[in-house]
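The values are calculated or read from the model by the stated rules, or taken from the named source; none is laboratory data. As the structure is a computational prediction, the values presented were derived from the model and not from experiment. Virtual Cβ from ideal backbone geometry, glycine too; neighbours counted across all protein chains shown.
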Amino acid sequence: MQIKATDTALLDWTGGSLAVGILEGETELSGDLAKLDQKLAGTISELIAEEEFEGKSGTTVVSRVGGQNPVRKIALVGLGKAEDLSIDSWRKAAAAIARIAKKESTLGISLAAKVESPSDAAQAITEAIILALHEDNRFKSEPESKEPKLETIELIGLAGQDQAIAKGSTIADGVILARELVNAPANEVTPVTMAQTAQQLAQDYGLELKILEESDCEQFEQGMGAYIGVGKASEIPPKFIHLTYKPKGTAKRKVAIVGKSLTFDSGGLNLKTGGSGIETMKMDMGGGAATLGAAKAIAQLKPEVEVHFICAATENMISGKAMHPGDILKAANGKTIEVNNTDAEGRLTLADALVYAEKLEVDAIVDLATLTGACVVALGNDIAGLWSTDDALAQEMKTAAESAGEKFWQLPMEEKYFEGLKSQIADMKNTGPRAGGSITAALFLKQFIKDTPWMHLDVAGPVWTDSASGINNKGATGFPVRTLVNWVSS
């Protein structure tokens, strides 16, 4: 599929299907749209009247065009109210168009006549088209769809935005890598294959790669006892992945992105039972998948920022070697942890990964994890939680997320709640009371950062969806690759 900008005017465009955006409350046609309606023998105005189309955001209607017209189908997509327009409006509209026109060979899209930044619009539209049309059929003997797919998409009114289209395509590729890692079952994506994926990224894009084996982790600082403890029951060895992107010139900044990378989480001896979602726990490496997806995009976009991508990959399984409830583990910074729940394992792996990241002397650390069900209860499936020790860093991420159309909500780092994590026989427990569970998880992680500005993102809800909507299809979403790329590139 080729997406390209065109300098062809709306009235002169020819091809299979033409999609145009309509603002809510502006269905009385004027200007070029009125002329196009006249050229198409009133098809557009008839379609608006017959379907009672109002231009509400993301709504679509489509009709064949009769006669010898140069356009075979016309589609209208709602852009919502003019005062609510944002970059995400173009993204949402383009995704809706892609879904209804995916069986066409050629498609023209005219959405951006009133956009302030044509480059932002072109990038957003490109991301939306690619991601809405993405199908993960790797594990099916036959693909569900055998129909011809879109070959050429022309963005009308966005001539000269080839670079923005290329950027949108690159970011979408990173999102797709994250989606496919999360979608794949745990017998396909293991700590070993995650390390192989990192090796391929390093080879393809000139990244530096360091893989710490279990013996290496034992030797780091005071030993990565928390990370190693989680993986003891697995037959598959842990792989501590450290990918590094360095710009050609002097880096303006040096940051670390740390992704939780549990390729399967059984719950350990605190076993997840039926109805607990154990069958979906292949997605517990969603943070690590997004980290590698961001690495793929950032390596191609080449920002003037040095970025360290860290994935402490392992499984949380059951065997005679499994960590027990009540065990005490020592993290790399020497702090001791009483394990009162083996199903709160992600924070244990992140603890050692954060200590490792801070030793790199970066300017900021961001971790992202499918960490708590409590965050899903608090914010639902569409919004991720955000905690930070640095207000400026938090604002940077919020701005990056807004541009990406990915939703975060900052929650308080309520220090009083750490009382619930205190242990009588160790420095802390790995879980606290049920109330405020996502906050106490963030407070736990904070114990493994000394001075570096740090942010924790709990992405348990948005990394997966059970229904197709917007740019996302059913399954893994690739959240929040686009936000991370925006943050690094800002």
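Could you identify the single residue in LEU243, LEU207 that is buried (at least 24 other Cβ atoms within 10 Å of the Cβ) and touching a residue at least 60 places away in the same chain (Cβ under 8 Å)? Spell out how you get there, then give the answer.
Working: LEU207 fails: buried (at least 24 other Cβ atoms within 10 Å of the Cβ).
Result: LEU243 is the single residue among LEU243, LEU207 that is buried (at least 24 other Cβ atoms within 10 Å of the Cβ) and touching a residue at least 60 places away in the same chain (Cβ under 8 Å).
Kindly evaluate ALA289 against the criterion of being crowded, with 17+ Cβ neighbours inside 10 Å, assigned to a loop (DSSP other than H, G, I, E, B) and at pLDDT 95 or above.
Answer is no for this residue.
Please specify each residue of segment 404-448 satisfying the condition of being charged (D, E, K, R) and either surrounded by fewer than 21 Cβ atoms within 10 Å (Cβ to Cβ) or over 30 Å from ASP88 (Cβ atoms) (or both).
Selection gives LYS407, GLU414, GLU415, LYS416, GLU419, LYS422, ASP427, LYS429, ARG434, LYS446.
What residue, among those in segment 272-286 that are touching a residue at least 60 places away in the same chain (Cβ under 8 Å) and of a type outside the set (D, E, K, R), is surrounded by the most Cβ atoms within 10 Å (Cβ to Cβ)? Quick ask: steps written out before the conclusion?
Restricting attention to segment 272-286, the residues satisfying the condition of being touching a residue at least 60 places away in the same chain (Cβ under 8 Å) are 272, 280-286.
Checking the rest, the ones that are also of a type outside the set (D, E, K, R) come to 280-281, 283, 285-286.
Values: THR280: 14, MET281: 20, MET283: 23, MET285: 35, GLY286: 30.
Per the stated criteria, the residue is MET285.
Working only within segment 172-220, note down all residues that are more than 29 Å from ASN333 (Cβ to Cβ) and over 22 Å from the mean Cα position of the chain (by Cα).
ASN187, GLN203, GLY206
Given the conditions (1) more than 30 Å from VAL305 (Cα to Cα); (2) touching a strand residue (DSSP E or B) at 6+ places or on another chain (Cβ under 9 Å); (3) not in a strand (DSSP E or B), report the number of the one that GLU218 does not fulfil.
So the condition that GLU218 fails would be (2).
ASP284 is checked against (1) in a strand (DSSP E or B); (2) within 26 Å of the chain's Cα centre (by Cα) and fails just one. What number does that condition carry?
Among (1) in a strand (DSSP E or B); (2) within 26 Å of the chain's Cα centre (by Cα), ASP284 violates only (1).
Might you check whether a residue that is over 17 Å from LEU371 (Cα atoms), in contact with a helix residue (DSSP H, G or I) (Cβ under 7 Å, 6 or more places away or on another chain) and either assigned to a strand (DSSP E or B) or outside the structural domain of GLY478 (by TED's automatic domain parsing) (or both) occurs anywhere in segment 386-402?
So far as segment 386-402 goes, no, none of its residues is over 17 Å from LEU371 (Cα atoms), in contact with a helix residue (DSSP H, G or I) (Cβ under 7 Å, 6 or more places away or on another chain) and either assigned to a strand (DSSP E or B) or outside the structural domain of GLY478 (by TED's automatic domain parsing) (or both).
Name the residues in segment 38-61 that are of a type in the set (A, V, I, L, M) and either in contact with an Asp or Glu (Cβ under 9 Å, 6 or more places away or on another chain) or free of Cβ contacts under 8 Å to residues at least 24 places away in the same chain (or both), would you? Working first, answer last.
The initial filter retains those residues of segment 38-61 that are of a type in the set (A, V, I, L, M), namely 40-41, 44, 47-49, 61.
Hits for segment 38-61 are ILE44, ILE48, ALA49, VAL61.
Residues are listed down the side, and each one gets a yes or a no for (1) buried (at least 20 other Cβ atoms within 10 Å of the Cβ); (2) among the hydroxyl-bearing types (Ser, Thr, Tyr); (3) under 23 Å from the mean Cα position of the chain (by Cα):
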| residue | (1), (2), (3) |
| --- | --- |
| MET224 | yes, no, no |
| TYR227 | yes, yes, no |
| PRO237 | no, no, no |
| LEU262 | yes, no, yes |
| ASP265 | yes, no, yes |
| GLU306 | yes, no, yes |
| THR314 | yes, yes, yes |
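Residues in segment 305-314: is at least one assigned by TED's automatic domain parsing to the domain that holds TRP387 and not in a strand (DSSP E or B)?
no
Answer yes or no as to whether SER467 is out of contact with any Phe, Trp or Tyr (no Cβ under 9 Å at 6 or more places or on another chain) and closer than 21 Å to CYS375 by Cα.
It is true that SER467 is out of contact with any Phe, Trp or Tyr (no Cβ under 9 Å at 6 or more places or on another chain) and closer than 21 Å to CYS375 by Cα.
Could you run through segment 359-403 and say how many residues are under 17 Å from LEU443 (Cα atoms), of a type in the set (Asp, Glu) and buried (at least 19 other Cβ atoms within 10 Å of the Cβ)?
Of the residues in that region, 1 qualify.
Looking at the structure I just gave you, is ALA299 part of a helix (DSSP H, G or I), in contact with a strand residue (DSSP E or B) (Cβ under 9 Å, 6 or more places away or on another chain), modelled with pLDDT of 95 or more and of a type in the set (A, V, I, L, M)?
So ALA299 passes the test.
For residues that are charged (D, E, K, R) and touching an Asp or Glu at 6+ places or on another chain (Cβ under 9 Å), tally how many sit in segment 407-430.
3
Would you mind finding the one in PHE448, PHE408 that is touching a Leu at 6+ places or on another chain (Cβ under 6 Å) and either at pLDDT below 95 or part of a loop (DSSP other than H, G, I, E, B) (or both)?
On the way: PHE408 fails: either at pLDDT below 95 or part of a loop (DSSP other than H, G, I, E, B) (or both).
Selected residue: PHE448, the only one of PHE448, PHE408 that is touching a Leu at 6+ places or on another chain (Cβ under 6 Å) and either at pLDDT below 95 or part of a loop (DSSP other than H, G, I, E, B) (or both).
Somewhere in segment 179-191, is a residue assigned to a helix (DSSP H, G or I) and among the polar types (S, T, N, Q)?
Within segment 179-191 (the criterion being assigned to a helix (DSSP H, G or I) and among the polar types (S, T, N, Q)), the answer is yes, since at least one residue qualifies.
Just to check your reading of the model, which residue among LYS254, LYS167 is assigned to a helix (DSSP H, G or I) and among the basic types (Lys, Arg)?
LYS167
With ALA322, ALA351 as the choices, which residue is surrounded by fewer than 24 Cβ atoms within 10 Å (Cβ to Cβ) and at pLDDT 95 or above?
Unique residue meeting the criteria: ALA322.
May I ask you to list pairs of residues, at least six apart or on different chains, whose Cβ atoms are under 7 Å apart, with the first in segment 183-194 being assigned by TED's automatic domain parsing to the domain that holds ILE211 and the second being among the small types (Gly, Ala, Ser)?
As it stands, the answer is ASN183/GLY475; ASN183/ALA476; PRO191/ALA313; MET194/SER261; MET194/GLY288; MET194/ALA313, since those pairs meet every condition given.
Name, by its number, the condition in (1) within 21 Å of ILE337 (Cα to Cα); (2) among the acidic types (Asp, Glu); (3) in contact with a strand residue (DSSP E or B) (Cβ under 9 Å, 6 or more places away or on another chain) that does not hold for GLU415.
Only one criterion is unmet by GLU415, namely (3).
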